[in-house]
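Written below as structure tokens is the structure these notes are about.
The values are calculated or read from the model by the stated rules, or taken from the named source; none is laboratory data. Since this is a predicted model, take the numbers as computed values, not measurements. Note that each Cβ is placed from the backbone with ideal geometry, even for glycine, and that neighbours are counted across all protein chains shown. Protein only, heavy atoms only, side chains kept; ligands, DNA and RNA dropped before computing areas. Shrake-Rupley method; radii C 1.70, N 1.55, O 1.52, S 1.80 Å.
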Amino acid sequence: MRKTLLCCLLCLTILPASAQETNQETALWPGKVPGSVKAKNPAVKDLTSEQSVIRLTEVTNPTLAVYPPVGESNGAAVIVSPGGGYQVLAYNKEGTEIAQWLARQGYTAFVLAYRIPNQQEGALQDIQRAIRVVRHQYHLQQVGVIGFSAGASLSARAATRFTERLYPAVDEADSLSCRPDFAMLIYPAYLDQGDNRTLTPELTLTPQTPPMFIFATSDDFYGNSALVMAQALRDHKLPVDLHFLAKGGHGYGMRRGPGLVWPGMAETWLKQITSGKK
């Protein structure tokens, strides 16, 4: 009897969290996904490539999963874009775990499952739509983005290409701006694809480009992306907070290594940005 009761209590402790995540996940596109040639299907998961990492290997029906603030809301939202080379999504390591960290600070956090593999233009449509949907449905004061590796590339693209109309309007949400109020790029990739490893040409900087926080390390193969992006922002006299360490590598999320100093730095910067103290 005691064993049965214990099992029931464990189920009550464990099941609601996973059920809650499932219930809070909503499709971005109520009808056809723009430009897609594939039917909408649940995301394909791979649990075998790396221990304790949930990888999505195909997304045909982009989704947003919401993580409400723990305690009082601070009035800001952050959309999280996991990385994976635009081939896969490290959905928990660079997605849900980041959203939970943000929620504990009072942010309303969202994990974006954008289209993969090899759907860069579709992914940009997805993040534009996500920003508009969050603005329309949650009426928060600020909506920002954070991304990791390819997700940081996507966040940078969202922060520099928000004037482009990339898909036909679906509903009232699409009448709103898709400009993020701030962007956080954690070990970004693919931002230095211009001539001689200069800024990727699609990233157009204007006085309306939002403030950015950038974190990377010297021993990261993609580390030049952070330097190039920060230099371009500085050249345009745009606000940028760059942190560039000697060691840390790539792809650690919030899990391991010397690169894990970034959350504390990011937390301080976020508070300044969302409180208006820049």
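Filter the range 141-160 for residues that are of a type in the set (S, T, Y) and assigned to a helix (DSSP H, G or I); which is surrounded by the fewest Cβ atoms within 10 Å (Cβ to Cβ)? Walk me through it before giving the result.
Of the residues in the range 141-160, the ones of a type in the set (S, T, Y) are 149, 153, 155, 160.
From what's left, assigned to a helix (DSSP H, G or I): 153, 155, 160.
Details: S153: 29, S155: 28, T160: 26.
My answer is T160.
Could you please let me know if R197 is of a type in the set (D, E, K, R) and on the phi > 0 side of the Ramachandran plot?
Numbers: of a type in the set (D, E, K, R): yes; on the phi > 0 side of the Ramachandran plot: yes.
Answer is yes for this residue.
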Please state which of the following conditions P62 fails to meet, knowing it meets all the rest: (1) at pLDDT 95 or above; (2) open to solvent by 20 Å² or more (accessible area, probe 1.4 Å).
(2)
Select the strands (runs of 3 or more DSSP E) contained entirely in the range 168-278, then report the ones holding at least 1 residues which are open to solvent by less than 20 Å² (accessible area, probe 1.4 Å) and closer than 22 Å to F110 by Cβ.
183-186, 212-217
Return the pairs, sorted by first residue and then second, in which the second residue is charged (D, E, K, R) and buried (at least 24 other Cβ atoms within 10 Å of the Cβ), the first residue lies in the range 58-86 and is under 22 Å from R129 (Cβ atoms), the beta carbons are less than 6 Å apart, and the residues are 6+ apart or on different chains.
V59/R115; P62/R115; P62/D126; P82/E94; G83/E94
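Every residue, every condition in (1) on the phi < 0 side of the Ramachandran plot; (2) touching a His at 6+ places or on another chain (Cβ under 6 Å); (3) of a type outside the set (D, E, K, R); (4) in contact (Cβ under 8 Å) with a residue 40 or more places away in the chain, yes or no:
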site	(1), (2), (3), (4)
A156	yes, no, yes, yes
L166	yes, no, yes, yes
A169	yes, no, yes, no
Y190	no, no, yes, yes
Looking only at the range 79-124, how many residues end up being under 19 Å from P34 (Cα atoms), open to solvent by 20 Å² or more (accessible area, probe 1.4 Å) and in a helix (DSSP H, G or I)?
2
Log entry, pairs with first residue in the range 27-43 being more than 14 Å from A65 (Cα to Cα), second being open to solvent by 70 Å² or more (accessible area, probe 1.4 Å) and of a type outside the set (D, E, K, R), beta carbons closer than 8 Å, six or more apart or on different chains, reads P34/P168
